[in-house]
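Asks: So that we are looking at the same thing, I have put the structure below in C-alpha coordinates.
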Amino acid sequence: MVLIVNTTSDHSITDELKNSLQDKGVDADIIETDSMRISHCIGCNFCWLKTPGECSIKDDYEIIIKKMIHADQMWVISDTALGFLDHKGKNIYDRILPIATMYLKFVGDQMRHVPRYKMNTEMGLIYTGEPEVEYLKKWNARMALNFESKSLGVFGRDELKEAVSCMCL
Amino acid sequence: MHVFIINGSPRIKSQSNTDKILEQFTKGMSENGTSFEQYEVSDRKQWDDMRKAFAENKNILIALPLYVECIPGLLIEFLETVEPKTDDSRIAFILQGGFAEGIQLRCGEEYLKILAGKLGCAYAGTLVKGNNFSIRFVEGAERDKITVPYGEMGREYAAKGDFSSEKCKKFTGPEVFPAPIRLLVGILFKTAAKTGLNKIAEGWGCTRPLDYKPYS
Ligand SMILES: Cc1cc2nc3c(=O)[nH]c(=O)nc-3n(C[C@H](O)[C@H](O)[C@H](O)COP(=O)(O)O)c2cc1C
(Lines give C-alpha, C1' and ligand atoms only; values in the text may rest on other atoms or scores of the structure.)
Protein backbone atom coordinates (compact mmCIF):
# COMPACT_ATOMS: atom_id res chain seq x y z
CA MET A 1 0.00 0.00 0.00
CA VAL A 2 1.16 3.53 -0.80
CA LEU A 3 0.30 5.98 1.95
CA ILE A 4 -0.02 9.61 0.88
CA VAL A 5 -0.27 12.29 3.55
CA ASN A 6 -1.28 15.66 2.17
CA THR A 7 -0.47 18.43 4.65
CA THR A 8 -1.40 21.21 2.21
CA SER A 9 -4.94 22.45 1.66
CA ASP A 10 -4.56 21.94 -2.09
CA HIS A 11 -6.56 18.81 -2.91
CA SER A 12 -5.89 19.12 -6.63
CA ILE A 13 -2.54 17.39 -6.04
CA THR A 14 -4.11 14.36 -4.39
CA ASP A 15 -6.90 14.31 -6.99
CA GLU A 16 -4.28 14.04 -9.70
CA LEU A 17 -2.38 11.37 -7.79
CA LYS A 18 -5.57 9.41 -7.15
CA ASN A 19 -6.36 9.29 -10.85
CA SER A 20 -2.86 8.32 -11.95
CA LEU A 21 -2.56 5.62 -9.30
CA GLN A 22 -5.95 4.19 -10.15
CA ASP A 23 -4.83 3.92 -13.77
CA LYS A 24 -1.71 2.11 -12.65
CA GLY A 25 -3.66 -0.16 -10.34
CA VAL A 26 -1.65 0.92 -7.30
CA ASP A 27 -3.32 0.51 -3.92
CA ALA A 28 -3.17 3.97 -2.35
CA ASP A 29 -4.43 5.37 0.91
CA ILE A 30 -4.72 9.16 0.88
CA ILE A 31 -4.96 11.21 4.04
CA GLU A 32 -5.83 14.91 3.94
CA THR A 33 -4.60 16.52 7.14
CA ASP A 34 -6.24 19.91 6.66
CA SER A 35 -9.36 18.59 8.36
CA MET A 36 -7.37 16.84 11.10
CA ARG A 37 -5.90 17.96 14.40
CA ILE A 38 -2.14 17.34 14.34
CA SER A 39 0.05 18.94 16.98
CA HIS A 40 3.79 19.44 16.91
CA CYS A 41 5.96 17.02 18.92
CA ILE A 42 6.47 18.37 22.44
CA GLY A 43 9.52 16.19 23.14
CA CYS A 44 8.06 14.55 26.26
CA ASN A 45 9.76 11.20 25.44
CA PHE A 46 6.69 9.32 26.75
CA CYS A 47 6.63 7.30 23.49
CA TRP A 48 10.04 5.92 24.45
CA LEU A 49 10.02 5.75 28.23
CA LYS A 50 6.48 5.84 29.68
CA THR A 51 4.01 4.42 27.17
CA PRO A 52 6.39 2.72 24.69
CA GLY A 53 5.24 3.18 21.09
CA GLU A 54 2.37 5.48 21.99
CA CYS A 55 2.34 9.26 21.73
CA SER A 56 1.05 11.18 24.73
CA ILE A 57 -0.73 13.66 22.45
CA LYS A 58 -4.14 12.23 21.73
CA ASP A 59 -4.89 13.83 18.38
CA ASP A 60 -5.36 12.55 14.82
CA TYR A 61 -1.70 11.69 14.20
CA GLU A 62 -2.31 8.17 15.49
CA ILE A 63 -4.31 7.45 12.30
CA ILE A 64 -1.18 8.19 10.25
CA ILE A 65 1.30 6.24 12.34
CA LYS A 66 -0.90 3.13 12.39
CA LYS A 67 -1.04 3.14 8.60
CA MET A 68 2.60 4.07 8.12
CA ILE A 69 3.81 0.94 9.87
CA HIS A 70 2.12 -1.29 7.30
CA ALA A 71 2.73 0.85 4.21
CA ASP A 72 5.29 0.00 1.53
CA GLN A 73 5.76 3.69 0.86
CA MET A 74 4.86 6.90 2.62
CA TRP A 75 4.68 10.13 0.63
CA VAL A 76 4.24 13.43 2.39
CA ILE A 77 2.97 16.42 0.44
CA SER A 78 4.10 19.63 2.08
CA ASP A 79 4.13 23.36 1.56
CA THR A 80 7.46 25.06 2.11
CA ALA A 81 8.64 27.90 4.31
CA LEU A 82 12.08 29.45 4.82
CA GLY A 83 13.57 27.17 2.17
CA PHE A 84 12.44 23.99 3.91
CA LEU A 85 9.19 22.17 4.79
CA ASP A 86 6.63 24.35 6.50
CA HIS A 87 5.72 23.46 10.06
CA LYS A 88 2.78 21.27 9.09
CA GLY A 89 4.98 19.10 6.91
CA LYS A 90 7.82 18.92 9.44
CA ASN A 91 5.44 18.00 12.27
CA ILE A 92 4.55 14.80 10.42
CA TYR A 93 8.21 13.72 10.67
CA ASP A 94 8.81 14.93 14.22
CA ARG A 95 5.84 12.88 15.40
CA ILE A 96 7.25 9.67 13.85
CA LEU A 97 9.38 8.99 16.91
CA PRO A 98 7.14 6.26 18.41
CA ILE A 99 8.20 3.93 15.56
CA ALA A 100 11.69 3.90 17.05
CA THR A 101 12.63 2.55 20.47
CA MET A 102 14.87 4.31 22.95
CA TYR A 103 17.49 1.59 22.51
CA LEU A 104 20.56 2.42 20.46
CA LYS A 105 22.89 0.51 18.18
CA PHE A 106 25.49 1.25 15.53
CA VAL A 107 24.62 0.91 11.87
CA GLY A 108 27.82 1.26 9.90
CA ASP A 109 29.75 3.99 11.68
CA GLN A 110 26.75 5.84 13.12
CA MET A 111 24.35 5.51 16.03
CA ARG A 112 20.72 4.71 15.29
CA HIS A 113 17.68 3.88 17.33
CA VAL A 114 16.59 0.25 17.28
CA PRO A 115 13.33 0.21 15.26
CA ARG A 116 10.15 -0.82 17.11
CA TYR A 117 8.60 -2.60 14.14
CA LYS A 118 9.85 -4.67 11.27
CA MET A 119 8.79 -2.25 8.58
CA ASN A 120 10.04 -1.39 5.13
CA THR A 121 8.29 1.88 4.52
CA GLU A 122 10.19 3.94 1.96
CA MET A 123 9.82 7.71 2.15
CA GLY A 124 9.02 10.17 -0.64
CA LEU A 125 8.32 13.88 -0.57
CA ILE A 126 6.29 16.18 -2.80
CA TYR A 127 6.55 19.92 -2.22
CA THR A 128 4.75 23.05 -3.28
CA GLY A 129 6.37 26.47 -3.22
CA GLU A 130 10.07 27.19 -3.50
CA PRO A 131 12.30 25.27 -1.11
CA GLU A 132 16.05 24.85 -1.41
CA VAL A 133 15.58 21.70 -3.47
CA GLU A 134 19.11 20.33 -3.18
CA TYR A 135 18.97 20.67 0.57
CA LEU A 136 15.53 19.06 0.76
CA LYS A 137 16.84 16.07 -1.20
CA LYS A 138 19.75 15.71 1.15
CA TRP A 139 17.51 16.03 4.18
CA ASN A 140 15.01 13.46 2.92
CA ALA A 141 17.79 10.95 2.30
CA ARG A 142 19.32 11.58 5.71
CA MET A 143 15.93 11.41 7.46
CA ALA A 144 15.13 8.11 5.75
CA LEU A 145 18.53 6.74 6.77
CA ASN A 146 17.86 7.74 10.37
CA PHE A 147 14.72 5.58 10.35
CA GLU A 148 16.52 2.76 8.50
CA SER A 149 14.35 3.47 5.50
CA LYS A 150 15.10 4.55 1.96
CA SER A 151 14.41 7.85 0.22
CA LEU A 152 12.18 7.65 -2.87
CA GLY A 153 13.19 11.16 -3.80
CA VAL A 154 11.85 14.68 -3.64
CA PHE A 155 9.53 16.07 -6.31
CA GLY A 156 7.91 19.43 -7.01
CA ARG A 157 4.21 19.99 -7.67
CA ASP A 158 5.04 20.10 -11.40
CA GLU A 159 6.86 16.75 -11.27
CA LEU A 160 3.94 14.57 -10.16
CA LYS A 161 4.43 12.23 -13.13
CA GLU A 162 7.96 11.49 -12.01
CA ALA A 163 6.75 10.93 -8.45
CA VAL A 164 4.01 8.58 -9.64
CA SER A 165 6.55 6.55 -11.60
CA CYS A 166 8.21 5.78 -8.24
CA MET A 167 4.91 4.78 -6.67
CA CYS A 168 4.82 1.13 -7.47
CA LEU A 169 4.95 -1.96 -5.33
CA MET B 1 26.88 43.64 23.17
CA HIS B 2 23.27 42.71 23.88
CA VAL B 3 22.05 39.32 22.64
CA PHE B 4 18.49 38.24 21.92
CA ILE B 5 18.30 34.51 22.63
CA ILE B 6 15.59 32.06 21.66
CA ASN B 7 15.45 28.59 23.14
CA GLY B 8 14.04 26.76 20.10
CA SER B 9 13.09 23.59 21.97
CA PRO B 10 9.45 22.48 21.95
CA ARG B 11 10.04 21.08 25.45
CA ILE B 12 8.90 23.24 28.35
CA LYS B 13 11.75 25.21 29.89
CA SER B 14 12.04 23.14 33.06
CA GLN B 15 12.55 19.93 31.02
CA SER B 16 14.64 21.38 28.22
CA ASN B 17 18.25 20.32 27.73
CA THR B 18 18.76 23.45 25.63
CA ASP B 19 17.79 25.53 28.64
CA LYS B 20 20.42 23.82 30.82
CA ILE B 21 22.99 24.40 28.09
CA LEU B 22 22.01 28.07 27.81
CA GLU B 23 22.30 28.46 31.57
CA GLN B 24 26.03 27.70 31.40
CA PHE B 25 26.56 29.36 28.03
CA THR B 26 25.07 32.67 29.14
CA LYS B 27 27.01 32.54 32.40
CA GLY B 28 30.24 32.49 30.41
CA MET B 29 28.93 34.99 27.88
CA SER B 30 27.99 37.53 30.56
CA GLU B 31 31.46 37.65 32.10
CA ASN B 32 32.65 40.44 29.80
CA GLY B 33 29.52 42.51 30.38
CA THR B 34 27.50 41.09 27.49
CA SER B 35 23.81 41.31 28.34
CA PHE B 36 21.00 39.14 27.02
CA GLU B 37 17.28 38.43 27.02
CA GLN B 38 16.04 34.85 26.65
CA TYR B 39 12.72 33.52 25.39
CA GLU B 40 11.20 30.07 24.93
CA VAL B 41 9.49 28.98 21.73
CA SER B 42 7.69 26.28 23.75
CA ASP B 43 5.61 29.03 25.38
CA ARG B 44 3.29 30.54 22.78
CA LYS B 45 2.45 33.38 25.19
CA GLN B 46 5.95 34.73 24.52
CA TRP B 47 5.64 34.76 20.73
CA ASP B 48 4.48 38.39 20.41
CA ASP B 49 7.37 39.60 22.56
CA MET B 50 9.76 37.38 20.60
CA ARG B 51 8.67 38.86 17.27
CA LYS B 52 9.18 42.33 18.69
CA ALA B 53 12.61 41.48 20.09
CA PHE B 54 13.58 39.80 16.80
CA ALA B 55 12.79 43.05 14.98
CA GLU B 56 14.62 45.23 17.49
CA ASN B 57 17.83 43.25 18.08
CA LYS B 58 20.88 42.94 15.88
CA ASN B 59 22.61 40.10 17.69
CA ILE B 60 20.39 37.05 17.57
CA LEU B 61 21.16 33.59 18.93
CA ILE B 62 18.87 30.62 18.48
CA ALA B 63 19.72 27.53 20.53
CA LEU B 64 17.86 24.44 19.43
CA PRO B 65 17.68 20.67 19.63
CA LEU B 66 18.08 18.71 16.42
CA TYR B 67 14.67 17.27 15.51
CA VAL B 68 14.71 14.58 12.82
CA GLU B 69 17.82 15.95 11.12
CA CYS B 70 16.66 19.57 11.06
CA ILE B 71 14.87 22.19 13.14
CA PRO B 72 11.76 21.39 15.22
CA GLY B 73 8.34 21.90 13.63
CA LEU B 74 7.33 24.29 16.40
CA LEU B 75 10.35 26.52 15.77
CA ILE B 76 9.48 26.60 12.05
CA GLU B 77 5.93 27.61 12.99
CA PHE B 78 7.25 30.56 14.99
CA LEU B 79 9.80 31.63 12.39
CA GLU B 80 7.13 31.55 9.68
CA THR B 81 5.60 34.53 11.49
CA VAL B 82 8.62 36.84 11.81
CA GLU B 83 9.48 39.59 9.36
CA PRO B 84 12.87 38.94 7.74
CA LYS B 85 15.40 41.59 8.75
CA THR B 86 16.59 44.32 6.45
CA ASP B 87 19.30 45.79 8.71
CA ASP B 88 22.76 44.40 9.40
CA SER B 89 21.64 41.83 11.98
CA ARG B 90 23.66 38.73 12.67
CA ILE B 91 22.35 35.35 13.70
CA ALA B 92 24.25 32.52 15.36
CA PHE B 93 22.99 29.10 16.42
CA ILE B 94 23.68 26.49 19.03
CA LEU B 95 22.64 23.15 17.52
CA GLN B 96 22.60 20.30 20.00
CA GLY B 97 21.37 16.74 19.61
CA GLY B 98 21.02 13.36 21.23
CA PHE B 99 23.33 11.18 19.13
CA ALA B 100 26.93 11.66 20.11
CA GLU B 101 28.82 12.04 16.81
CA GLY B 102 29.35 15.35 15.01
CA ILE B 103 28.29 13.87 11.69
CA GLN B 104 24.74 13.45 13.02
CA LEU B 105 24.29 17.22 13.22
CA ARG B 106 25.76 18.32 9.88
CA CYS B 107 22.51 18.07 7.93
CA GLY B 108 20.83 20.35 10.47
CA GLU B 109 23.80 22.70 10.48
CA GLU B 110 23.60 23.02 6.69
CA TYR B 111 20.02 24.18 6.96
CA LEU B 112 20.87 26.81 9.56
CA LYS B 113 23.11 28.55 7.03
CA ILE B 114 20.17 28.67 4.62
CA LEU B 115 17.85 29.84 7.40
CA ALA B 116 20.09 32.79 8.31
CA GLY B 117 19.74 34.08 4.74
CA LYS B 118 15.97 33.55 4.69
CA LEU B 119 15.71 35.60 7.89
CA GLY B 120 17.71 38.41 6.31
CA CYS B 121 20.61 37.99 8.73
CA ALA B 122 24.34 37.51 8.29
CA TYR B 123 25.35 34.00 9.40
CA ALA B 124 27.52 34.11 12.53
CA GLY B 125 28.09 30.36 12.69
CA THR B 126 26.76 27.37 14.57
CA LEU B 127 28.09 25.73 17.69
CA VAL B 128 27.53 22.02 17.01
CA LYS B 129 27.40 19.40 19.77
CA GLY B 130 25.77 16.03 20.28
CA ASN B 131 25.47 13.66 23.25
CA ASN B 132 23.06 15.84 25.21
CA PHE B 133 20.13 13.46 25.59
CA SER B 134 20.76 12.72 29.25
CA ILE B 135 21.11 16.28 30.59
CA ARG B 136 17.62 16.44 32.04
CA PHE B 137 17.91 12.98 33.57
CA VAL B 138 21.01 13.75 35.66
CA GLU B 139 21.92 16.32 38.27
CA GLY B 140 24.89 17.84 40.08
CA ALA B 141 28.36 16.82 38.93
CA GLU B 142 27.00 14.50 36.23
CA ARG B 143 25.02 17.31 34.63
CA ASP B 144 27.84 19.81 35.08
CA LYS B 145 30.16 17.51 33.16
CA ILE B 146 27.96 17.94 30.09
CA THR B 147 26.82 21.53 30.47
CA VAL B 148 29.67 23.47 32.12
CA PRO B 149 31.93 23.31 29.01
CA TYR B 150 29.34 25.46 27.22
CA GLY B 151 30.42 28.31 29.52
CA GLU B 152 33.73 28.53 27.70
CA MET B 153 31.84 28.68 24.41
CA GLY B 154 29.81 31.56 25.84
CA ARG B 155 33.05 33.42 26.53
CA GLU B 156 34.22 32.75 22.94
CA TYR B 157 30.94 34.03 21.53
CA ALA B 158 31.01 37.15 23.73
CA ALA B 159 34.56 37.94 22.59
CA LYS B 160 33.99 37.47 18.85
CA GLY B 161 30.24 37.75 18.28
CA ASP B 162 30.31 34.50 16.33
CA PHE B 163 31.31 30.81 16.47
CA SER B 164 34.15 30.98 13.96
CA SER B 165 37.02 30.26 16.36
CA GLU B 166 38.96 26.99 16.25
CA LYS B 167 37.91 26.34 19.85
CA CYS B 168 34.24 26.42 18.84
CA LYS B 169 34.83 24.12 15.90
CA LYS B 170 36.72 21.62 18.06
CA PHE B 171 33.91 21.67 20.61
CA THR B 172 31.90 19.27 18.43
CA GLY B 173 34.27 16.39 19.18
CA PRO B 174 34.73 13.43 16.84
CA GLU B 175 32.74 13.28 13.58
CA VAL B 176 32.45 9.49 14.01
CA PHE B 177 33.88 7.16 16.61
CA PRO B 178 36.75 4.87 15.65
CA ALA B 179 35.80 1.19 15.23
CA PRO B 180 37.17 -0.04 18.60
CA ILE B 181 35.18 2.64 20.45
CA ARG B 182 32.08 1.72 18.48
CA LEU B 183 32.52 -1.88 19.52
CA LEU B 184 32.80 -0.88 23.16
CA VAL B 185 29.92 1.59 23.10
CA GLY B 186 27.85 -0.97 21.19
CA ILE B 187 28.28 -3.39 24.09
CA LEU B 188 27.35 -0.64 26.54
CA PHE B 189 24.16 0.00 24.54
CA LYS B 190 23.13 -3.62 25.09
CA THR B 191 24.03 -3.67 28.77
CA ALA B 192 24.48 -0.68 31.09
CA ALA B 193 22.65 1.82 28.86
CA LYS B 194 19.68 -0.54 28.51
CA THR B 195 19.50 -1.04 32.26
CA GLY B 196 19.72 2.73 32.80
CA LEU B 197 16.87 3.41 30.36
CA ASN B 198 14.71 0.69 31.87
CA LYS B 199 15.26 2.30 35.26
CA ILE B 200 14.21 5.75 34.04
CA ALA B 201 11.11 4.15 32.48
CA GLU B 202 10.26 2.39 35.71
CA GLY B 203 10.58 5.70 37.55
CA TRP B 204 8.12 7.21 35.07
CA GLY B 205 5.58 4.51 35.84
CA CYS B 206 6.14 2.56 32.64
CA THR B 207 4.64 -0.92 32.88
CA ARG B 208 5.58 -2.26 29.46
CA PRO B 209 8.85 -3.33 27.87
CA LEU B 210 10.46 -0.43 26.00
CA ASP B 211 10.22 -2.31 22.70
CA TYR B 212 6.47 -2.90 23.12
CA LYS B 213 4.52 -2.79 19.84
CA PRO B 214 1.08 -1.29 20.34
CA TYR B 215 0.08 -1.32 16.67
CA SER B 216 1.12 -4.66 15.27
C1 LIG C 1 11.11 14.54 17.80
C2 LIG C 1 12.57 14.44 18.14
C3 LIG C 1 13.49 14.26 17.13
C4 LIG C 1 14.86 14.17 17.41
N5 LIG C 1 15.73 13.99 16.38
C6 LIG C 1 17.06 13.89 16.62
C7 LIG C 1 17.99 13.67 15.56
O8 LIG C 1 17.62 13.59 14.37
N9 LIG C 1 19.31 13.55 15.87
C10 LIG C 1 19.76 13.67 17.15
O11 LIG C 1 20.97 13.57 17.37
N12 LIG C 1 18.90 13.90 18.19
C13 LIG C 1 17.57 14.00 17.96
N14 LIG C 1 16.70 14.22 19.00
C15 LIG C 1 17.21 14.37 20.38
C16 LIG C 1 17.26 15.81 20.89
O17 LIG C 1 17.87 16.66 19.97
C18 LIG C 1 18.03 15.87 22.21
O19 LIG C 1 17.48 15.01 23.16
C20 LIG C 1 18.10 17.29 22.77
O21 LIG C 1 19.04 17.34 23.81
C22 LIG C 1 16.77 17.78 23.32
O23 LIG C 1 16.89 19.11 23.77
P24 LIG C 1 15.66 19.87 24.50
O25 LIG C 1 15.43 19.14 25.79
O26 LIG C 1 16.09 21.27 24.73
O27 LIG C 1 14.49 19.77 23.59
C28 LIG C 1 15.32 14.28 18.74
C29 LIG C 1 14.38 14.45 19.77
C30 LIG C 1 13.02 14.53 19.49
C31 LIG C 1 12.03 14.71 20.62
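The values are calculated or read from the model by the stated rules, or taken from the named source; none is laboratory data. Keep in mind it's a predicted model, so treat the numbers as computed, not measured. So basically every Cβ, Gly included, is an ideal-geometry build from the backbone, and we count neighbours across all protein chains shown.
Asks: Across region B:21-44, which residue is farthest from the ligand (Cβ to nearest atom) among those that are more than 17 Å from B:Gly161 (Cβ to Cβ) and either among the hydroxyl-bearing types (Ser, Thr, Tyr) or within 14 Å of chain A (Cβ to nearest Cβ) (or both)?
Replies: Residue satisfying both the conditions and the ranking: B:Arg44.
Asks: Here is a follow-up. Give all pairs with beta carbons closer than 7 Å in which a residue from region B:1-27 that is assigned by TED's automatic domain parsing to the domain that holds B:Met50 and over 13 Å from B:Phe93 (Cβ atoms) meets a residue that is within 13 Å of the ligand (Cβ to nearest atom) and aromatic (Phe, Trp, Tyr); count only pairs at least 6 apart in sequence or on separate chains.
Replies: As it stands, the answer is B:Gln24/B:Tyr150, since those pairs meet every condition given.
Asks: Let me ask you something else. Considering region A:132-169 alone, what residues qualify as being in a loop (DSSP other than H, G, I, E, B) and either over 12 Å from the mean Cα position of the chain (by Cα) or in contact (Cβ under 8 Å) with a residue 60 or more places away in the chain (or both)?
Replies: Across region A:132-169, the qualifying residues are A:Glu132, A:Glu148, A:Met167, A:Cys168, A:Leu169.
Asks: Still on this structure, I have one more. Can you tell me which condition A:Val114 does not meet? The list is (1) part of a strand (DSSP E or B); (2) out of contact with any Phe, Trp or Tyr (no Cβ under 6 Å at 6 or more places or on another chain), and all the others hold.
Replies: With (1) part of a strand (DSSP E or B); (2) out of contact with any Phe, Trp or Tyr (no Cβ under 6 Å at 6 or more places or on another chain) applied to A:Val114, the lone miss is (2).
Asks: Determine, yes or no, whether B:Pro149 is under 30 Å from B:Val3 (Cα atoms) and surrounded by 15 or more Cβ atoms within 10 Å (Cβ to Cβ).
Replies: Judged against the criteria, B:Pro149 is a match.
Asks: Can we say A:Pro98 is in a loop (DSSP other than H, G, I, E, B), on the phi < 0 side of the Ramachandran plot and more than 7 Å from chain B (Cβ to nearest Cβ)? I'd like the intermediate steps shown before the answer.
Replies: On the way: in a loop (DSSP other than H, G, I, E, B): no; on the phi < 0 side of the Ramachandran plot: yes; more than 7 Å from chain B (Cβ to nearest Cβ): yes.
Criteria not met by A:Pro98.
Asks: Provide a single number: the residues in region A:35-56 that are outside any helix (DSSP H, G or I) and either within 12 Å of B:Trp204 (Cα to Cα) or without any contact (Cβ under 8 Å) to a residue 24 or more places away in the chain (or both). Lay out the reasoning, then the answer.
Replies: Initially, region A:35-56 is screened for residues outside any helix (DSSP H, G or I), giving A:36-45, A:50-56.
Imposing the further condition that a residue be either within 12 Å of B:Trp204 (Cα to Cα) or without any contact (Cβ under 8 Å) to a residue 24 or more places away in the chain (or both) reduces the set to A:37, A:42-45, A:50-52, A:56.
Counting residues in region A:35-56 that are outside any helix (DSSP H, G or I) and either within 12 Å of B:Trp204 (Cα to Cα) or without any contact (Cβ under 8 Å) to a residue 24 or more places away in the chain (or both) gives 9.
Asks: Let me ask something else about it. May I ask you to list the residues in region B:57-77 that are more than 11 Å from the ligand (Cβ to nearest atom), of a type outside the set (S, T, N, Q) and in contact (Cβ under 8 Å) with a residue 40 or more places away in the chain?
Replies: Once the filter is applied, which keeps residues that are more than 11 Å from the ligand (Cβ to nearest atom), of a type outside the set (S, T, N, Q) and in contact (Cβ under 8 Å) with a residue 40 or more places away in the chain, region B:57-77 yields B:Ile60, B:Leu61, B:Ile62.
Asks: Scan region A:116-128 and give yes if some residue there is within 7 Å of another protein chain (Cβ to nearest Cβ) and within 25 Å of A:Cys44 (Cβ to Cβ), otherwise no. Give the steps one after another, and end with the answer.
Replies: So the first thing to find is which residues in region A:116-128 are within 7 Å of another protein chain (Cβ to nearest Cβ), and the list is A:116-117.
Checking the rest, the ones that are also within 25 Å of A:Cys44 (Cβ to Cβ) come to A:116-117.
Yes, because at least one residue in region A:116-128 is within 7 Å of another protein chain (Cβ to nearest Cβ) and within 25 Å of A:Cys44 (Cβ to Cβ).
Asks: Mind telling me which of the residues A:Gly43, A:Gly83 ends up being surrounded by fewer than 23 Cβ atoms within 10 Å (Cβ to Cβ), within 9 Å of chain B (Cβ to nearest Cβ) and within 11 Å of the ligand (Cβ to nearest atom)?
Replies: Just one listed residue meets the conditions, A:Gly43.
Asks: Determine which member of the set B:Gly154, B:Gly108 is on the phi < 0 side of the Ramachandran plot, within 14 Å of chain A (Cβ to nearest Cβ), crowded, with 19+ Cβ neighbours inside 10 Å and touching a Gly at 6+ places or on another chain (Cβ under 8 Å).
Replies: On the way: B:Gly154 fails: within 14 Å of chain A (Cβ to nearest Cβ).
The conditions single out B:Gly108.
Asks: Check B:Gly173, B:Gly196 and return the single one that is loosely packed, with under 14 Cβ neighbours inside 10 Å, in a loop (DSSP other than H, G, I, E, B) and either away from chain A (no Cβ under 11 Å) or away from the ligand (no atom under 13 Å from the Cβ) (or both).
Replies: Details: B:Gly196 fails: in a loop (DSSP other than H, G, I, E, B).
When all the criteria are applied, what remains is B:Gly173.
Asks: I want to confirm something. Restricting to region B:128-149 and keeping residues that are away from the ligand (no atom under 14 Å from the Cβ) and in a loop (DSSP other than H, G, I, E, B), which single residue is farthest from the other protein chains (Cβ to nearest Cβ)?
Replies: So the residue we want is B:Val148.
Asks: Let me ask something additional. Out of B:Gly125, B:Gly98, B:Gly120, I need the residue that is more than 9 Å from the ligand (Cβ to nearest atom) and part of a loop (DSSP other than H, G, I, E, B). Which one? If you could, list the steps in order and put the result at the bottom.
Replies: Working: B:Gly125 fails: part of a loop (DSSP other than H, G, I, E, B); B:Gly98 fails: more than 9 Å from the ligand (Cβ to nearest atom).
Step by step, each of B:Gly125, B:Gly98, B:Gly120 is checked, and only B:Gly120 is more than 9 Å from the ligand (Cβ to nearest atom) and part of a loop (DSSP other than H, G, I, E, B).
Asks: Quick test of your reading of the structure: B:Ile187 fulfils all but one of (1) of a type outside the set (D, E, K, R); (2) farther than 23 Å from B:Ile5 by Cα; (3) assigned by TED's automatic domain parsing to the domain that holds B:Ala63; (4) away from the ligand (no atom under 15 Å from the Cβ). Name the failing condition by number.
Replies: Here B:Ile187 clears every test but (3).
Asks: For B:Lys45, state whether it is assigned to a helix (DSSP H, G or I), basic (Lys, Arg) and within 23 Å of B:Ala158 (Cα to Cα).
Replies: no
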